[in-house]
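Inspection log for the structure reproduced underneath, given as structure tokens.
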Amino acid sequence: MSEQSLWRAVITQALADAGVKLPVGAGRKVGAAKTDGENARDWLTRPNADFNHVCHLAGLEPEAVRALAERRIAIADGLMPAPIPKARPRRPRAPAPTPRQQRQPSPFNRGGIGAKPKLYTHDGRTMTLKQWSAHLGIHYQTLAHRLRQNWPIERVLIGENFRGRRRAPGVPNNLGGSLTTGGSSTAQETPQIDFPKQSNSR
């Protein structure tokens, strides 16, 4: 604790002693010892060099400390009403959640509370998302995230390796007309193959 804090503690204790109501008849008897409260009141309210020096060491203005002491003494003696402490404003309470807000139906369980979990069919198998997670060894949250992205179920279960439906094996149908040999996605009954004519000149 710093030296300034120590001197402030001295003033704080004097203010506390001065703010206590004195007993009836205190200090009226000749030669009677003064109480701590009377000594504190005299030291705080009467001009004296020691009080000014202590306030200087505490970093406080003597006039401000004396005014505070006089106000506390007046309150203790009933000459001034005690200030009413200001009540701290309470934070508004959040409204209680409605039953619907307490548990929103999951996007993977459209029926709401008590409904059966949604089933997903792929490759001839029908299972829930949790069952697919255990079957494929993929985290449930990963599959759920893919569903939220509106991925098709094939891509949800296969992942990034999904490239859409594969074309059936066969001859591609993107050959130009000038390069066709009669073969295409639909076979012709009679192949039409044109050969260049040979020249008769020798």
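Around the amide H of Tyr120, modelled in the peptide plane, lie the amide H atoms of Met127, Thr128, all under 5 Å away and 5 or more residues distant in sequence or on another chain.
Neighbours of Gln131, meaning other residues whose beta-carbon lies under 15 angstrom from its beta-carbon, give a summed charge of +3 when Lys and Arg score +1 and Asp and Glu score -1. Between Arg91 and Thr142, the simple label model (points 7 Å from Cα in the Cβ direction) yields a spacing of 3.9 nm. Count Lys and Arg as plus one, Asp and Glu as minus one, and take only other residues whose Cβ is under 14 Å from that of Gln141; the net charge is then +3.
Read the figures in this text as sums done on the coordinates, not as results from a lab. Here the structure is a predicted model, which is why all the values come from computation and not from measurement. Please note: Cβ atoms are built from the backbone with ideal geometry, for glycine as well, and neighbour counts cover all protein chains shown.
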